[in-house]
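Have a look at the structure below, then the notes.
The values are calculated or read from the model by the stated rules, or taken from the named source; none is laboratory data. None of the values given here were measured: they were computed from a predicted structure. Note that we place each Cβ from the backbone using ideal geometry, even for glycine, and neighbour counts take in every protein chain shown.
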Amino acid sequence: MSRKIPKFFTVGLILFTLLELSKAYQFYCYSCTNCNDPFNATKSSLVLCSNGCYKNVNKIPGNFAVERGCSSSSNGCTNQIYGALGYGIYNYCCWDNYCNTSSKIKNNNLFQLIFPIAYYFGKLFL
């Protein structure tokens, strides 16, 4: 019984830390519609986002539109491409302040590190 208390305490501490880290990660993202590249930040607004930022590029023959903003999904944002032959909808995601400005968005590696660590500790202590 005495061994379960430290194990329970350790798992609780890890879960609490991960929960607090997830609350701390809120980002300022640019929000705009029809804000093509090259991006002009003065023509858009800044919003506080908890699920990451996105940049959607819609390329269809005769039309090109860019939209930037907060990911609305509670699961976060997913990099996706719909289409072929250079046309379609491109969804780029990022998790950093003001990250949805550039034409090439880089992901924050911190989120890619947190979840494998949490999985490892979960397997170790549960």
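Taken over segment 42-63, the residue count meeting the criterion of being touching a residue at least 12 places away in the same chain (Cβ under 8 Å), assigned to a strand (DSSP E or B), farther than 17 Å from Q80 by Cα and not aliphatic (A, V, I, L, M) is 2. If you go through segment 14-41 and pick out every residue that is at pLDDT 90 or above and assigned to a strand (DSSP E or B), you end up with 6. Taking the condition surrounded by 12 or more Cβ atoms within 10 Å (Cβ to Cβ) and part of a loop (DSSP other than H, G, I, E, B), does C77 pass? Answer is yes for this residue.
Surrounded by 12 or more Cβ atoms within 10 Å (Cβ to Cβ) and modelled with pLDDT of 90 or more: does that describe V11? Reasoning before the result, please.
Values: surrounded by 12 or more Cβ atoms within 10 Å (Cβ to Cβ): yes; modelled with pLDDT of 90 or more: no.
For V11, the condition - surrounded by 12 or more Cβ atoms within 10 Å (Cβ to Cβ) and modelled with pLDDT of 90 or more - is not met.
Looking across segment 29-69, the residues that are surrounded by 16 or more Cβ atoms within 10 Å (Cβ to Cβ), of a type outside the set (S, T, Y) and in contact with a Lys or Arg (Cβ under 9 Å, 6 or more places away or on another chain) come down to C29, C32, C35, F39, C53, K55, N56, V66, E67, R68, G69.
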